[in-house]
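Here's the structure we're looking at; comments come further down.
What follows draws every value from the coordinates through simple rules; no lab data is involved. The model shown is predicted, which means the values in this text are computed figures rather than measured ones. Counting neighbours? That spans all protein chains shown, and the Cβs are built from the backbone with ideal geometry, glycine included.
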Amino acid sequence: MRRILIINGPNLNLLGKREPSTYGNIAFEDYLDTLRRRYPDIQTTYFQSNTEGALIDKIQQAGFEVDGIILNAGAYTHTSVALQDAIRAIPAPVIEVHISNVHAREAYRHTSMIAAACRGVICGFGMDSYRLAVEALLDI
Ligand code: DQA
């Protein structure tokens with residue numbers, strides 16, 4: 001596991017400013033610096049988009065190049081069959097990640113359209129969910 005891509009979906013560009021009581025007050029770029037320092041041997045790239053098609057394009061392209069993908073699809077998690085199909089189409093293992101514990105929130109967040117296509121799901125550990133996903137990928 002040498003190359004890991006982290007993909008964040010809609011509204012996650014606002015981490016640090018968006019609903020801090022739910023998502024914390026750290027910008028993702030700052031968290032990414034910490035993660036990269038912790039895993040200096042892993043090439044960790046990052047992509048964020050608010051657009052479903054751009055997320056699918058990235059999964060299709062990177063899914064044949066990187067060794068693993070950590071995906072926080074944001075609200076598209078709960079709606080997107082197209083993202084599920086994209087995950088199924090690529091060889092790289094994908095870990096679904098959420099900052100909040102979606103199962104302790106509104107009922108519409110309890111369903112994931114992508115989980116069945118992912119290797120596993122990590123949620124509810126704040127930003128640390130991403131590090132736990134790195135650890136999971138390192139064991140695959
Ligand atoms: C989220 C949970 C989703 O339900 C929500 O739409 C998000 C963020 C999380 O990381 O907790 O945008 O994926």
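Could you tell me the calculated FRET efficiency between Arg2 and Arg105, based on Cβ-Cβ distance and R0 = 35 angstrom, to the nearest 0.05?
Given R0 = 35 Å and the Cβ-Cβ separation, E is 0.50.
³J(HN,Hα) across region 112-125 via Karplus (A = 6.51, B = -1.76, C = 1.60, θ = phi - 60°), whole Hz, x for Gly/Pro?
10, 7, 10, 4, 5, 8, 8, 5, x, 10, 10, 8, x, 10
Amide H to amide H, which residues 5 or more places from Val97 or on other chains are under 5 Å from it, using H placed in the peptide plane?
Amide H to amide H, under 5 Å and 5 or more residues apart or across chains, Val97 pairs with Leu71, Asn72, Ala73, Ile122.
Return the FRET efficiency for the residue pair Thr51, Ala116: r is the Cβ-Cβ distance, R0 is 30 Å, and the value is rounded to the nearest 0.05. Before the final figure, lay out each step's value.
Working: r = 23 Å, r/R0 = 0.77.
Calculated transfer efficiency: 0.80.
Can you sort Leu71, Leu132, Leu137, Leu14 from fewest to most other Cβ atoms within 10 Å of each residue's own Cβ?
Ordered by Cβ neighbours within 10 Å, fewest first: Leu14, Leu132, Leu137, Leu71.
Can you run phi through the Karplus equation (6.51, -1.76, 1.60; θ = phi - 60°) for region 77-87 and list ³J(HN,Hα) in whole Hz, with x for Gly and Pro?
3, 8, 10, 9, 5, 5, 5, 4, 4, 5, 5
Quick query: amide H of Tyr46 versus all other amide H atoms, modeled in the peptide plane; which residues come in under 5 Å with a sequence gap of 5 or more or a different chain?
Ile6
Hey, got a sec? Which chymotrypsin sites (Phe, Trp or Tyr not before Pro) in region 18-84 land in a DSSP loop and have at most 12 other Cβ atoms within 10 Å? Kindly include the intermediate steps, with their values, before the conclusion.
On the way: sites: Tyr23, Phe28, Tyr31, Tyr46, Phe47, Phe64, Tyr76; in loops: Phe64.
Passing both the DSSP loop test and the Cβ count: Phe64.
Per 10 Å bin, what is the whole-percent P(r) computed from every C-alpha pair distance within region 69-140?
Reading the bins upward from 0: 22, 55, 23, 1.
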